[in-house]
Amino acid sequence: METMKQYLSKAYWRELGVSFLHSLKTVKFWRELLLMTAGMMLGAIAVYYFLMPSNLIIGTISGLSIVINTVLGGDADTFSYWVMGINAFLLVMAFILIGNEFGAKTVYTAMILGPLTQLCDRIYPYTNLTHKVIEAPEVLSQLQAGQTVLDANGNPYLLNRAGEVMMQVRDSVMSGGIGMGDVWFDLVCFVFLLSACQAFEFRINASTGGLDILAKIINKYLHFDIGMSVSIGGALICCSAFLINDFRMVVIGLIGTWINGLVIDYFTMSMNKKKRVCIITPEYEKIRKYVIEELVRGCTLYHVKGGYTGDDQYEIQTLLTMDEFAALMKYINENNIHAFMTAGNCSEVYGTWLVHKPKYEEIIDHMRERKKNKSRTLDK
């Protein structure tokens, strides 16, 4: 109830608007916007060129939209409307249960998936890969009159945008869409492209919408891995495919949904991987300052004793991203710092490390200002 009152208050929307206008001035906003668009383009390619032609129903809202669109006899345009419509309800849940940033980003990605699939259709329709243009004046006149005409195999003739008759030369249901004449090829291509898209969006606290919102809610409140959450929800959607597909195709879809979850977890762990770095060096103070002031990360100092020499030393431990680790190694090499280092992968980090860097930078600036003020006081 309190949450609903918050969303209905003018002060909340005023504060949200000010925050949004401020974000427009940041490089982070435009970089993430570009990344989200690129990720969704991958998703649109996966859906349009591999999912739709093959009639595979993978556990996604796009898959559910294909079922509804096929049952109701829709086309590529109505498919995009179903995608946007089903997402509308789930987007509200994203704002309420996950947060404003995730909800706002997901609104954008969900709204552009349909138009991007239409863009693929405008640029290069997949029927160009599954059909060929033929000379058939009688069929052309019937199609122009709005009649459905079937070939000897029971497949409908189509009209392309140039007004030419197209005959299906590949069975898109049994032989795959644009793949190598194999539905499994379409499945693999779709799953890897979609999983990369989903992991890409999850990394910047966004999603592709639909099922990903449910998966994120399960991930947040029940603490399942994000890939497992996607697989569970997707399996339920796959079962709706019995309305338009045979048992074999539904089983293939279930396998694809399971693989989708595994690949998402793989991509997510790879993207979120951190380096736990331990350094022993007499020049630990230089490294400590570099980590805190330049990399803007925290570190911990441990008092250690050498087992062979018996010398007292300090060990620095810190957690860094892969880029930050590379920068640290470059700094150590360029400054000829003699150090003993170990580094290991860390896939999950909780606590203050996840606080956005600008907050740490504010702390550092405050510390520097205090240091300057202290120096001025001593000079006086």
### Convex hull projection area averaged over all views, segment 187-318, Cα basis, nm²
12.1 nm²
### Label point distance in nm, residue 312-residue 118, each placed 7 Å from Cα along Cα→Cβ
7.3 nm
### Task
For segment 78-149, just run the numbers: alpha carbon Rg, then divide by 2.2 N^0.38 Å, N being how many residues it has.
1.72
## Note on the structure
Of the convex hull drawn through the C-alpha atoms of segment 274-349, the volume per residue in Å³ is 90 Å³
### Task
Scan segment 279-347 for chymotrypsin sites (Phe, Trp or Tyr not before Pro) in coil per DSSP, keeping those whose Cβ has at most 13 other Cβ atoms within 10 Å, and list them by number.
308
### Message
Apply the Karplus curve 6.51 cos²θ - 1.76 cosθ + 1.60, θ = phi - 60°, to the phi angles in segment 328-337 and return the couplings in whole Hz, x for Gly and Pro.
### Response
5, 4, 5, 4, 5, 5, 5, 9, 6, 7
### Task
Anything over 26 Å Cα to Cα? Flag those among 216/273; 25/286; 220/273; 28/275, in the order listed.
25/286
### Query
Under 5 Å between amide H atoms, partner at least 5 residues away or on a different chain: which partners does residue 314 have, H built in plane at 1.01 Å?
281, 304
### Query
Ordered by residue, what ³J(HN,Hα) values in Hz, to whole numbers, does segment 80-87 give under the Karplus form 6.51 cos²θ - 1.76 cosθ + 1.60, where θ = phi - 60° and Gly and Pro are x?
5, 5, 5, 4, 5, x, 5, 6
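Every number in this text was worked out from the coordinates using simple rules, so none of it is lab data. Small disclaimer: the values here were computed from a predicted structure and weren't measured. Because the Cβ atoms are built from the backbone with ideal geometry, glycine has one as well, and the counts that use them run over all protein chains shown.
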